[in-house]
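Single-structure report; data block below.
Each reported figure results from applying straightforward, stated rules to the coordinates on display, with no laboratory input. Keep in mind that this is a model prediction, so the values were computed, not measured. When we count neighbours, we look across all protein chains shown, and the Cβ atoms used for this are built from the backbone with ideal geometry, even at glycine.
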Amino acid sequence: SQLIKRPMASASGRSSPHFVLIPWPAQGHMLPMSDIGRMLATHGATVTLITSPVNAARLRATVDRLAASGLRIRFVPLRFPAAEAGLPEGCETLDAIPSRDLIVNFFAAFRLLKRPLIDYLRAHSPSPSCFITGAGQAWTDEVAREFNAPRFVFNGYSCLSLLAIENLFRHKTHELVSSLTEPFALPGLPHRIEIARSQLPRHFQNDPRFEKMVKEVRDADLSSDGFVVNSFDELEVGYAESLAKATGKKVWMIGPVALCNQARPDMASRGNTAAVDEEDCLRWLNSQQPRSVIYVSFGSMASFSPPQLMELGAGLLSSNRPFVWVVKVGSSWTEEMEAWVAERIEGNSKCLLIKGWAPQLMMLSNPAIGGFLTHCGWNSTLEGVSAGVPMITWPLFSEQFLNEKLSVEVLGIGVSLGVQKPTEWLKVEEDGVVVGREEVAEAVERLMGGGEGRRRRANVLREKARRAVEEGGSSYLNMETMIQYVAERVC
Ligand code: UDP
């Protein structure tokens, strides 16, 4: 990892503060944090992104391109103490853990990084001016204090989710409902959004297995100087101000950060090696009518049971629209499944099946894509917004039900599949059939066959997203203000 030498001042003459980024090791966090690093460096800051050997290998293409860009950004792979924390050797990414119960061991492994990180930062100049750390990294507080630097949290959530979580911690409205499935109105929002307690993130599930971890996450938020949010003011109007008021902390809305990837290599190889040939992909997409294809993907973590996969596939086929279907071929990918797709999907000119990692950014921005069936991960939601693509929403777990509410009820760009029950992460495969083929086909028809208002609103948001990150846009200016804030504290 190479730090490209540049004068220690940006074009504006302001001194160049040094941001140290410590992402949570999951694709949904590593990817936006790498983008944040790149944006900070583009705005004249110096950036160190702490990673591990496995994560660095995944990010190889990005790391190499950034090294060649001349920006002052370095990726530092510190040895990850997996075995010492009771994790299998080499288990450095969240999608690699064999059981959900081992998440707590990830927290333990991170805490063990404190000393090596301090030693590394002491041995390498420049001294850190600011830390941006992933959810639950309370231990980084002590590191930030060592260097007398502020620390901001990057949770990877929308601002609505952060605000809802903050308000629920304060008002405890979720404790007043009589059952886990009874909908109630989220407190402290400018509009009425109803949700059931079971659909909230794990902070509010009262699960004794995760009590310590939830406390650690909350403590890390409370002790921080504020939040860096991958979103933009025009998308989540007024939420940043409400969050700043509720917490008394800084809130920096600097997204959509994925929009910093404009060159084709940046969009095509992001986060992992794609399981398809880029050219084949583009040839297929370019042979389709504009806005006719539905892109189906459930992010980096979820995989379904074979019966659910077949039901989804059958629904997509009966919709009679062309589709791209991204499937994770983990333990649930049986021989039966292989035979099923070979017979119906592979070789069907209306379908493009991607078994493994897809070049999502590149695909979503292709003019052939007209809809996105998504699990409502926040990155995917924002990437859909940035591409001007309306969505079908199928939330699974975490804060994804809140993201669904934002897309469908607040922004009016989504069609809900009406999923009520969350699935346990890593147990999605055990859940059998949650959504039937008819529901899938109907939702595709609603999204692709009509809904001009939805499409128009999605297009308006795409333009607003682009403007937000352009010079003079809201996120651009927020990024400048954040760097300025840090630079003034260093002086
Ligand atoms: N992603 C991708 N290819 C895939 C799956 C995911 O490029 O096959 C990217 C996607 O573009 C997004 C991130 O991985 O940036 C997933 O984050 P998200 O918050 O949507 O979901 P998560 O994986 O955290 O559930």
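If the condition is being closer than 15 Å to residue 294 by Cβ and among the β-branched types (Val, Ile, Thr), then the range 383-411 contributes 389, 392, 393.
Taken over the range 113-125, the criterion of being closer than 11 Å to residue 147 by Cα and surrounded by 13 or more Cβ atoms within 10 Å (Cβ to Cβ) is satisfied by 118, 121. You will find that of 346, 236, the residue that is assigned to a loop (DSSP other than H, G, I, E, B), more than 14 Å from the ligand (Cβ to nearest atom), free of Cβ contacts under 8 Å to residues at least 12 places away in the same chain and among the charged types (D, E, K, R) is 346 and no other. Within the range 371-414, being within 13 Å of the ligand (Cβ to nearest atom) and β-branched (Val, Ile, Thr) holds for 374, 381, 385, 389, 393. Of the residues making up the range 283-336, those that are in a loop (DSSP other than H, G, I, E, B), closer than 18 Å to residue 351 by Cβ and within 15 Å of the ligand (Cβ to nearest atom) are 298, 304, 328, 329, 333.
Screening residue 280 on (1) in contact with a helix residue (DSSP H, G or I) (Cβ under 9 Å, 6 or more places away or on another chain); (2) assigned to a helix (DSSP H, G or I) shows it passes everything except condition (1). When you check residue 110 against the structure, is it crowded, with 22+ Cβ neighbours inside 10 Å, out of contact with any helix residue (DSSP H, G or I) (no Cβ under 7 Å at 6 or more places or on another chain) and part of a helix (DSSP H, G or I), yes or no? Yes. Number of residues in the range 357-370 that are more than 9 Å from the ligand (Cβ to nearest atom) and either within 23 Å of residue 304 (Cα to Cα) or touching a Lys or Arg at 6+ places or on another chain (Cβ under 9 Å) (or both) equals 4.
Here's the yes/no breakdown for (1) part of a helix (DSSP H, G or I); (2) under 22 Å from residue 114 (Cβ atoms); (3) more than 16 Å from the ligand (Cβ to nearest atom); (4) not charged (D, E, K, R):
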position	(1), (2), (3), (4)
30	yes, yes, no, yes
44	no, no, yes, yes
48	no, yes, yes, yes
64	yes, no, yes, no
68	yes, no, yes, yes
71	no, no, yes, yes
